[in-house]
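The values are calculated or read from the model by the stated rules, or taken from the named source; none is laboratory data. None of these values were measured; they are calculated from a predicted model. When we count neighbours, we look across all protein chains shown, and the Cβ atoms used for this are built from the backbone with ideal geometry, even at glycine.
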Amino acid sequence: MPKASQFVRGRGTYMLAGLGALLAIALAACEAPEEGDTSVRPVVVEPVVAVDQVGIKLYPGTVTARDDSLLSFRVAGEVTRMPVDAGDRVKPGDLLAELDPQDARLALRAAEAAVSAAEADARLAEAEMNRYRDLLERGFISASGFELRENQYALAKARGDQAKAEAAVNRNQSRYTRLLAPQNGLVTSTSVEVGEVVSPGQPVLRFVPDEGREVEIQVPEGRLSEFSVGTEASIGLWAHQDRRYLGKVREITPQADPATRTHRVRLQFVDADERVRLGMSANVIIDRANEQTEFLVRHSAVGEHEGQPVVWRVHDDGTVEPQAVEVVRYQEAGAVVRGALKAGEQVVSAGVHRLIAGQAVAVNERPYADRNAAEREAEADAGAKVEAGAAP
């Protein structure tokens, strides 16, 4: 009769063997399917939906200026003239505003008089130095006496140079009392009145040069892929609908507006004329007639095969094959893709990561929207099991 210890030892051996077998089965279940795997896998499928695309896409915007400058005086003073108003066009050198020049003129006259006095002192000191040099050569004075006159001349000459520099500064100050147009452009607003005392740097008027007209538009996040720096587009003006202008994208803000979730895009006019004015309403026109059709699929329908994004097309015989696609954008309703698809054909929407080309599948093709809550929950559980490699 076997002993109890032998029975326990034998029973433990059988249990270990059984656990080993179960472990082997589990590991085999976790392995990726082989190329020749003919097992039928349950999947959820849904039809491909063509995204409604309009051949011409319009983005409303406003004509703006690339450069917008606030002009000001470099010196303080009382405004005595403002010959321009908002909306006036100006040419280079046109007077825009002027300060009372009396103080600047008096300061300039004083500086010029100081220059004359310094030059006279320098001439006198030079003459004295030359006279003492002659006396030194004849032996009538010592060397120290000559050096004193030489230093006095150098000091007078330096004072003359200082007076000239101060006169130049005052000459500029006098010229700064006149505010001139830097180039052809438009005065869009004024901020001071005649009689007002202004300080240096205080804005006097807003000036926009003629060069650099642009259109600013707001682009939703989902459509930002249509634009890149350098992209050309047509620009139409509401006020002049008989003409289309050529525009080119110059700037795209990288961060979306937190309130509207749109990005600011600025397009510069390539062929603007005098009819293009600031503040005009405009449309940026994107012609999408030649673009590929876009399709909407569920997020979970996009997988990866041989390093590129794919969806799995379901054939009439119940087998699947990968179809390469380009993911255009992701949105709340699903992924928008481009590729050799047709509206209405079935693609796998759950279980794509366990499929191989040519594999047979068990299809559940009821529209997702038609299923009740219990069915959707059961389907989600089934999809999770499919992703894990087990039958639902």
Out of (1) hydrophobic (A, V, I, L, M, F, W, C); (2) surrounded by 16 or more Cβ atoms within 10 Å (Cβ to Cβ); (3) touching a strand residue (DSSP E or B) at 6+ places or on another chain (Cβ under 7 Å); (4) assigned to a loop (DSSP other than H, G, I, E, B), the one I141 does not meet is (3)
Tell me yes or no: at least one residue of region 293-308 is within 14 Å of V63 (Cβ to Cβ) and surrounded by 13 or more Cβ atoms within 10 Å (Cβ to Cβ). no
Could you figure out which of (1) in contact (Cβ under 8 Å) with a residue 60 or more places away in the chain; (2) within 30 Å of E232 (Cβ to Cβ) isn't true of R338? (1)
Filtered residue count, region 170-194, keeping only those that are surrounded by fewer than 13 Cβ atoms within 10 Å (Cβ to Cβ) and touching a helix residue (DSSP H, G or I) at 6+ places or on another chain (Cβ under 9 Å): 0
Sole exception among (1) assigned to a helix (DSSP H, G or I); (2) touching a residue at least 12 places away in the same chain (Cβ under 8 Å) for N151, by number: (2)
Sort through L95, L70, L135 and tell me the only one that's over 30 Å from L237 (Cβ atoms), in contact with a Lys or Arg (Cβ under 8 Å, 6 or more places away or on another chain) and surrounded by fewer than 17 Cβ atoms within 10 Å (Cβ to Cβ). L95
Would you check if V204 is outside any helix (DSSP H, G or I) and more than 26 Å from the chain's Cα centre (by Cα)? yes
Which is out of contact with any helix residue (DSSP H, G or I) (no Cβ under 9 Å at 6 or more places or on another chain) and outside any strand (DSSP E or B), of S234, S225? S225
Residue among E211, E216 that alone is assigned to a strand (DSSP E or B) and either within 24 Å of L71 (Cα to Cα) or under 14 Å from the mean Cα position of the chain (by Cα) (or both): E216
Only one of V204, V197 that is buried (at least 17 other Cβ atoms within 10 Å of the Cβ), closer than 30 Å to D100 by Cα and at pLDDT 90 or above: V204
Conditions first: (1) surrounded by fewer than 14 Cβ atoms within 10 Å (Cβ to Cβ); (2) within 36 Å of the chain's Cα centre (by Cα); (3) more than 14 Å from E193 (Cα to Cα). D85 passes all but one, so which condition is the exception? (3)
